[in-house]
Amino acid sequence: MQSLQESGFVEERKARGRHRSIEAKTAILKATLQLLERKPLRKVTADAIAKRAGVSKATIYKWWPNKSLVALEAYLAGMTERVSAPDTGSAETDFILQLQSVNAFYTSSLGRLFCQFIAEGQSDAGFLALFRERFLYPRRDIARVMWRRGVERGEIGEKIDVEIVLDLIYGPMIFRLLAGHGSMSDSDAEAIVKTAFCGLRRANRLGEKKEKANGRGSR
């Protein structure tokens with residue numbers, strides 16, 4: 001009986017420990033987001049994050065090797081909360097709504113960190129690789145889901161290169177964010193997607209004509 005009680009006590013301690021760890025990690029990410037919305041990345045220190053989160057620096061380094069990776073995870077958490085992944089039944093509408101929400105995020109105080117992450121990666125190849133792995137690729141995976149639904153509904157041709165089209169849709173907004181040469185409004189996002197889908201529909205029609213012509217020629 002005593003051993004069973006002791007076993008239960010150990011399990012309870014482990015559960016409390018896991019709970020405290022989750023609370024600490026959540027507090028760190030929340031504190032980092034709050035700091036990043038007020039200061040540029042280079043001015044946010046691990047000391048400041050620890051102080052605001054109410055933890056030690058050692059607790060931070062338990063999960064992240066440096067403050068840039070803390071910032072990246074906090075940034076991803078903030079973007080996941082604010083950027084939608086709609087399913088309206090129309091791929092074109094899905095991409096318009098999604099790009100509009102991406103645009104709204106990038107123009108927010110937190111979203112503007114994107115440029116700082118890109119700058120950080122120019123002198124830190126390891127960070128840039130992690131940025132692609134943890135930010136770029138997962139975001140593109142979400143976009144590919146919307147794309148596949150469009151292909152399955154027959155809105156988009158199967159042979160069209162999804163990677164090129166995703167660059168055509170998201171590239172202009174990223175370029176405007178980095179270069180600052182143009183506006184980033186909801187109407188801009190809509191125009192970008194409509195232009196891309198105009199080309200997609202034309203490509204579909206040309207593909208269908210070629211298939212019909214090849215069919216006639218083979219008879």
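Things worth noting here:
- Yes/no for Leu35 being surrounded by fewer than 19 Cβ atoms within 10 Å (Cβ to Cβ) and either under 30 Å from Glu190 (Cα atoms) or touching a residue at least 12 places away in the same chain (Cβ under 8 Å) (or both): no
- For region 42-96, the set of residues classified as closer than 29 Å to Thr195 by Cβ and of a type in the set (Val, Ile, Thr) consists of Thr80, Val83, Thr88, Thr93, Ile96, listed by residue number.
- Single condition Ile160 does not satisfy, out of (1) farther than 21 Å from Ser68 by Cα; (2) part of a helix (DSSP H, G or I): (2)
- Qualifying residue in region 118-129 (condition: farther than 17 Å from Leu166 by Cβ and among the β-branched types (Val, Ile, Thr)): yes
- Any chance Thr59 is outside any helix (DSSP H, G or I), open to solvent by 30 Å² or more (accessible area, probe 1.4 Å) and modelled with pLDDT of 90 or more: no
- Of all residues in region 152-173 being in contact (Cβ under 8 Å) with a residue 24 or more places away in the chain and among the aliphatic types (A, V, I, L, M), the one that is farthest from Glu120 (Cα to Cα): Ile156
- Test: residue in region 111-123 that is closer than 21 Å to Glu190 by Cα, without any contact (Cβ under 8 Å) to a residue 60 or more places away in the chain and of a type in the set (S, T, N, Q): no
This table checks each residue for (1) in contact with a Gly (Cβ under 7 Å, 6 or more places away or on another chain); (2) modelled with pLDDT of 85 or more; (3) hydrophobic (A, V, I, L, M, F, W, C).
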{"site": "Glu11", "(1), (2), (3)": "no, no, no"}
{"site": "Pro65", "(1), (2), (3)": "no, yes, no"}
{"site": "Leu76", "(1), (2), (3)": "no, yes, yes"}
{"site": "Ala85", "(1), (2), (3)": "no, yes, yes"}
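- Number of the condition not met by Ala129 [criteria: (1) at pLDDT below 90; (2) surrounded by fewer than 17 Cβ atoms within 10 Å (Cβ to Cβ); (3) of a type in the set (Gly, Ala, Ser)]: (1)
- Selection count where residues are touching a Leu at 6+ places or on another chain (Cβ under 9 Å), closer than 21 Å to Leu41 by Cα and not basic (Lys, Arg), scope region 66-100: 11
- Counted residues, region 62-115 - those being open to solvent by 20 Å² or more (accessible area, probe 1.4 Å), more than 18 Å from Leu168 (Cα to Cα), part of a helix (DSSP H, G or I) and not small (Gly, Ala, Ser): 9
- Glu158 being open to solvent by 70 Å² or more (accessible area, probe 1.4 Å) and farther than 25 Å from Asn204 by Cβ: no
- Selected residue (criterion: farthest from Arg149 (Cα to Cα)) from residues of region 175-195 that are assigned to a helix (DSSP H, G or I) and free of Cβ contacts under 8 Å to residues at least 60 places away in the same chain: Ala179
The values are calculated or read from the model by the stated rules, or taken from the named source; none is laboratory data. Predicted model, so just to flag it, every value in this text is computed and none were measured. Neighbour counts run over all protein chains shown; Cβ positions are idealised from the backbone, glycine included. Just the protein is used for accessible areas: all its heavy atoms, side chains included, with ligands, DNA and RNA removed. Shrake-Rupley method; radii C 1.70, N 1.55, O 1.52, S 1.80 Å.
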